[in-house]
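A.B. asks: One structure, pasted below without further comment.
The values are calculated or read from the model by the stated rules, or taken from the named source; none is laboratory data. Please read all numbers here as calculations on a predicted model, not as lab measurements. Cβ coordinates were reconstructed from backbone atoms using ideal geometry, including for glycine residues, and neighbour counts include every protein chain displayed. Calculation scope for accessible area: heavy atoms of the full protein, side chains included, ligands and nucleic acids excluded. Shrake-Rupley method; radii C 1.70, N 1.55, O 1.52, S 1.80 Å.
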Amino acid sequence: MTSIVSTNHSTHRGGRGDVPRRAICLSGGGARGAYEAGVLRFILDDLPKRTGIMPDFEIVCGTSVGAIHACFLAATADETEGRGDRLVDIWHRMKVNEIFNFTTRDFLRLPRRMLGVKRVAQQLRDGQRPDRLYGLLDTEPLERLVLQSIPWRGIRRNVRSGRIDTVCVAATQIATGRAVVFCDSDRPELPPWANESNIRMQRIRLSPLHALASAAIPLLFPSVRVGARYYADGGLRLNTPLAPAVRLGADRIMVIGLTHPQGPSVNEATAQERASAFGNPMYLFGKVLNALMLSPIETDVARLHFVNNILDAGTEAFGPEFVDKLNEHLGMQNDGDHALKRIDDLVVRPSEDLGRLAADVVRDDPELDFGPFLSLLRKSSGGGSSAKEADLLSYLLFDASYARRCVEVGYRDAQAREEEIAAFFSDD
C-alpha cells in the first residue's frame with residue numbers, strides 16, 4: 001500500500017470526525033469470485049479478533065460477481081460477527097450441476113431455443129419487453145441463491161443510517177455500450193462523471209435485479225431488463241470499479257482483483273503451449289474472455305499513482321500550499337469530494353493463477369458432477385484431466401470443490417497482508 005497520507009480528507013457522515021473515507025472495489029470474474037469471499041472472510045471475521053480493528057467501508061463498489069458481494073457487504077454492514085463465514089458458506093453450498101440445470105433433453109431442445117430468439121426479436125419489435133434476453137444457460141437456480149442469501153432491505157437501512165455512504169453496482173447498457181453505475185446513496189447529489197459520455201452514475205434503490213444485471217456474462221447468461229433497458233456484465237466496460245470510488249471522494253481504496261499478476265512477458269514455453277491450443281475454439285474463448293472480463297487492474301492503479309506522484313512532486317517543489325492552489329485554479333477549492341488529493345490504495349490479488357487452479361480441481365476430482373453442459377464444455381475447451389489451464393471453466397465452475405480452493409487462496413493472501421490491511425483501517 002502506498003503511504004497513508006492524505007492531502008484533503010473528507011468528513012465521514014457517521015460523525016467520527018475528520019477521518020479517512022474508505023472504499024472497497026470488488027472485481028468481476030464469475031466463479032472466481034470465491035477468492036473475494038476468502039479475502040473478505042479474513043478481513044470481516046479474523047482481523048477484528050487479531051487486531052481489535054473494525055473493518056468499516058463508507059463506499060462499496062462492485063462489478064459482476066463483485067456486485068453481488070458489494071450488496072452483501074452493504075446489506076450486512078450493521079452486523080459485527082460471522083459475516084465472512086456467511087459469505088463463504090454461500091459458495092460452499094454451490095453445486096454446479098444444480099446451478100446449471102442443463103439436461104440432455106435441454107440439448108435436444110437447443111435448436112428450438114435458438115429459433116426462439118426470432119420470437120423474442122418479434123416481441124421487441126412489437127414493443128413488448130421480456131424480463132430476460134436470450135442466454136445459453138438457465139440461471140434461475142443461481143438467481144434464486146443470490147436472492148435468498150442477501151438481506152436486501154439492509155442496504156437501504158444502512159445507507160439511511162449513515163453506516164454506508166454509497167453502494168455502487170456497475171453494469172453495461174446493451175443498447176449504447178455505456179457503463180452505468182447504479183448508486184444507492186442519500187447524498188444530495190452524485191458527482192458528475194467529468195466529460196466521459198460512455199459512463200454515467202444513476203441514483204437508484206438497489207435490488208437483486210441490479211446485481212444480476214451486473215453479473216450477466218454475455219451469451220452465457222441472459223441479459224437482464226431494468227426498467228425499459230437491458231444490461232449485461234459490467235465487466236465489459238468497468239471490471240474493477242475504482243473510478244466511482246475516486247469520484248465519490250474516497251481517501252483510501254482497497255481493491256480485490258481476480259487475476260494473478262504476471263510479469264511483463266510470458267515465458268516462451270508457456271506462450272508456445274498456449275498457441276498450440278488455440279485451434280480449440282472453446283480454449284480460445286476462455287482466453288478472450290480473460291481479456292474482456294479481467295482487464296488489468298494495473299491501468300487504473302497506475303493512473304491513481306500518476307496523480308499522486310504529481311501532487312507529491314508539486315508539494316515538494318512549490319510547498320505545502322501547492323495542492324490547494326491547484327484546486328483553486330481548477331475551480332475545485334470548495335468541493336472536498338471532487339478536489340484533487342492523494343488517494344492511497346491497497347490491492348489484494350491471487351498469489352495463484354485461478355485458471356490453473358480450476359484445471360487442478362478437474363484433475364484432482366474426476367468424479368465431480370459437472371452436469372451435461374459443463375461436461376461437454378470441459379471436453380471441448382481442453383479442460384480435461386491433463387489440462388494445465390481451464391480459464392473458461394474457472395468462470396463457470398460454481399461448485400464447492402472449486403470454491404473451497406479459491407477461498408483458501410484468498411484467505412491466505414489476505415492473512416499474509418495483515419499488517420497492510422490493519423494500516424488501511426487505521427485512522428492514523
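A.B. asks: Given a 1.4 Å probe and the protein chains all in place, what does the accessible area of Met94 round to, in Å² to the nearest 10?
C.D. replies: That residue has around 10 Å² of solvent-accessible surface.
A.B. asks: Show His69, His329, His92 ordered by accessible area, largest first, where the area counts protein heavy atoms only and the probe is 1.4 Å.
C.D. replies: Details: His69 5, His329 155, His92 60 Å².
Correct descending sequence by accessible area is His329, His92, His69.
A.B. asks: Please list, in chain and number order, the residues 5+ apart from Met254 or on another chain whose amide H is under 5 Å from its amide H, with Hs placed from the backbone.
C.D. replies: Ala23, Ile24, Cys25, Leu346
A.B. asks: Follow-up. Counting DSSP beta bridges with both partners in segment 167-231, what percentage is antiparallel, nearest 5?
C.D. replies: Values: 10 of 15 bridges.
The antiparallel proportion sits near 65 percent.
A.B. asks: How much length, in nm to one decimal, is gained on full extension between Asp324 and Ala400, taken as 0.36 nm per residue of separation minus their Cα-Cα distance?
C.D. replies: Gain on stretching Asp324 to Ala400: 22.2 nm.
A.B. asks: Segment 138-247: which trypsin sites (Lys or Arg not before Pro) are DSSP loop and have at most 14 other beta-carbon atoms within 10 angstrom? Numbers along the way, then the final one.
C.D. replies: Working: sites: Arg144, Arg153, Arg156, Arg157, Arg160, Arg163, Arg178, Arg200, Arg203, Arg205, Arg225, Arg229, Arg237, Arg247; in loops: Arg163, Arg178, Arg205.
Those satisfying the criteria are Arg205.
A.B. asks: For segment 81-91, in order, what is each residue's ³J(HN,Hα) by Karplus, 6.51 cos²θ - 1.76 cosθ + 1.60 with θ = phi - 60°, in whole Hz (x at glycine and Pro)?
C.D. replies: Values per residue, Gly and Pro as x: 9, x, 5, x, 4, 5, 5, 5, 4, 4, 5 Hz.
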